[in-house]
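Data first, discussion second: the structure below is written as structure tokens.
What follows draws every value from the coordinates through simple rules; no lab data is involved. All of these numbers come straight from a predicted model, not from anything done at the bench. Glycine also receives a Cβ, built like all others from the backbone with ideal geometry; neighbour counts cover every protein chain displayed.
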Amino acid sequence: MGKKIDLTNQLIDDFIDYQQTVRALLALVALVVHDGHTRRPNTHFGFGRRMTTSNSNMFAPKTDVTPDLVVQKQSDYGIIAEVKRSLERDQNRWTTILEQLRKYDDNLKGWWTKNEKIQHRNTILLLHQSRSRTFVKYTETVLKKDKSLFGPLSSIIEFGENQERQVFYHFRLEYGKIDDKELNSKLEEGIQVPIEKVVETLSNIQYYDGDPPLLLVLVNLWSDYFPSLIESDCYDPESRTWNIKASISETVNEIQKAHGSGALQADPRSCQFPRKDAIKSAFQFLVDNKLAQPTTGEKNSAYTIKYRKIKADIKEYFAALISKKSKGTTDISGQMYIPGL
């Protein structure tokens with residue numbers, strides 16, 4: 001049997017992992033589209049953008065794929081990036097990561113150009129610094145048997161969060177090469193990007209196209225969105241709650257506009273995030289825990305939220321509530337690679 005860990009702590013770790021993944025993607029965007037002072041003209045980026053592979057693609061010819069990040073520095077150069085904040089414990093499954101990267105190392109269609117193609121490009125695997133060296137060694141071992149598994153335009157870059165007087169995201173090239181000389185020079189030496197400056201410039205994005213943890217959605221709703229819906233006449237002194245009217249569809253729309261895809265440039269190849277299912281699951285959790293109830297007789301998935309201020313840390317409160325529903329512990333053996341376990 002694998003080691004048992006407290007689910008509350010695991011939920012909070014997953015929450016932090018997702019946040020760091022989003023920030024790492026945004027920091028990488030800033031590194032590409034900014035010259036150190038201002039945003040370069042005619043730059044573009046998107047999370048989960050729908051791209052189309054070529055007929056000669058090694059794993060998925062003429063197929064739509066959705067990399068975590070597509071970022072275009074200029075009309076003739078761009079980057080495809082896939083981020084892995086954590087890795088499965090079983091290294092035999094890591095080959096699928098290389099296959100996914102190889103699938104993206106292709107003359108993809110979907111760039112912000114007239115013919116949707118781009119002349120120069122690189123494909124990046126973005127790994128947390130605690131896993132990058134291990135994965136590079138694994139890659140080198142695999143390529144001794146099959147060199148075709150790693151594309152000629154691919155590279156591995158590590159990232160990490162450094163907290164000083166302000167939070168920085170550190171990037172360093174660990175394997176491969178970046179064709180853009182400016183970026184390659186910065187990444188070979190290692191570079192830090194201040195996340196506060198990124199948020200100021202690229203908006204307060206808190207989601208990407210990867211499914212968010214339930215905890216993150218609950219915290220976002222309870223600390224940010226629901227308070228904005230409070231009206232003076234909705235307080236119930238008997239239950240000491242504000243009875244807030246909310247619908248799933250409107251909530252999805254507002255969360256996307258404030259912290260997701262709606263805050264970014266959109267076109268037919270863009271995807272929407274967070275998805276409706278993530279919001280719907282959060283509403284159902286609130287209903288199950290008597291913090292909300294469906295409003296009968298109304299369309300558009302209407303609910304009454306039994307809102308009250310939580311004195312404790314909201315993240316810890318909801319993590320404990322989720323943990324209680326899940327009997328407190330979980331067996332993580334074989335599911336997640338976590339150093340020290």
Mean-position separation - Cα centroids, the stretch 228-248 and the stretch 42-71, in angstrom: 44
Reciprocal mean inverse distance between Cα atoms of the stretch 4-202 - Kirkwood radius, Å: 17.5
Spin-label model distance (nm) - Lys145 vs Ser56, 7 Å beyond Cα toward Cβ: 2.7
For the stretch 47-125: lysine pairs under 20 Å (alpha-carbon distance), excluding those fewer than 8 apart on one chain: 10
For the chain, size of Cβ-based charge dipole, Lys and Arg +1, Asp and Glu -1, in debye: 520
Percent of beta bridges antiparallel (DSSP, the chain, rounded to nearest 5): 75
Cα-based reach from Lys145 at 18 Å (exclusive), listing lysines while leaving out same-chain residues under 8 positions away: Lys137
For the stretch 255-318 versus the stretch 120-170, the gap between their alpha-carbon centres in whole angstrom: 34
Per-residue [θ]222 nm for the chain (sum of -39500 (n - 2.57) over DSSP H runs n ≥ 4, rounded to 500): -10500 deg cm²/dmol
Length gained when the stretch Asn162-Cys271 is fully extended (0.36 nm per residue, less Cα-Cα span): 36.2 nm
Axial C-alpha extent at least 30 Å, average Kyte-Doolittle at least -1.0 - helices from the chain (DSSP): 7-33
Mean Cα-pair separation over length for the stretch 214-309, i.e. relative contact order, pairs under 8 Å, 6 or more apart, %: 33
For the stretch 101-115 and the stretch 74-90, distance of Cα centres in Å: 14
Cβ-based charge dipole, the stretch 4-202, positive-most Cα from Asn57, Ile191, Val32: Asn57
Count of lysine pairs in the stretch 214-309 with Cα separation under 14 Å (8 or more residues apart, or interchain): 4
Full-stretch length increase - Glu188, Asn92 - with 0.36 nm per residue and alpha-carbon distance subtracted: 31.7 nm
Quotient of C-alpha Rg and 2.2 N^0.38 Å, computed over the chain: 1.08
With eigenvalues of the C-alpha gyration tensor scaled by 5 and rooted, the stretch 174-324, Å: 37, 18, 14
